[in-house]
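Inspection log for the structure reproduced underneath, given as structure tokens.
The values are calculated or read from the model by the stated rules, or taken from the named source; none is laboratory data. Since the model is a prediction, treat every value here as computed from it, not as a measurement. Here the Cβ positions follow ideal geometry from the backbone for every residue, glycine too, while neighbour counts run over all protein chains shown.
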């Protein structure tokens, strides 16, 4: 047996997306990309599947990620050693498939 065959055999996938799920996910991704592009530079509230809620402005939607410029209110997620000033321009990348809702504010 060749080492190529052994390598290929050892790399058998442990997960493979079903065809129907692939088409559904592609459709959702395309729809969300279109919505984010139409609402770029608008203030939104985003809720993730894990229950996290973020408020900010859509900066860009690139493939499977929406980039949200967080509003300054209530965002103390940055840890800066020795500095007490919060960041004013935090950009948060969010995976589109993890989003539950996007609401215009």
Residue satisfying condition, being modelled with pLDDT under 90 and either within 14 Å of the chain's Cα centre (by Cα) or in a loop (DSSP other than H, G, I, E, B) (or both), within set 101, 40, 78: 78
Of the candidates 69, 64, the one satisfying the condition of being under 15 Å from the mean Cα position of the chain (by Cα), surrounded by 12 or more Cβ atoms within 10 Å (Cβ to Cβ) and modelled with pLDDT under 90 is 64
I need the full set of residues from segment 49-61 which are surrounded by fewer than 15 Cβ atoms within 10 Å (Cβ to Cβ) and either in a loop (DSSP other than H, G, I, E, B) or touching a residue at least 40 places away in the same chain (Cβ under 8 Å) (or both), in order please. 49, 50, 51, 52
Taking segment 35-48 as the search range and keeping residues that are in contact with a strand residue (DSSP E or B) (Cβ under 9 Å, 6 or more places away or on another chain) and without any contact (Cβ under 8 Å) to a residue 60 or more places away in the chain, which one is farthest from residue 100 (Cα to Cα)? 41
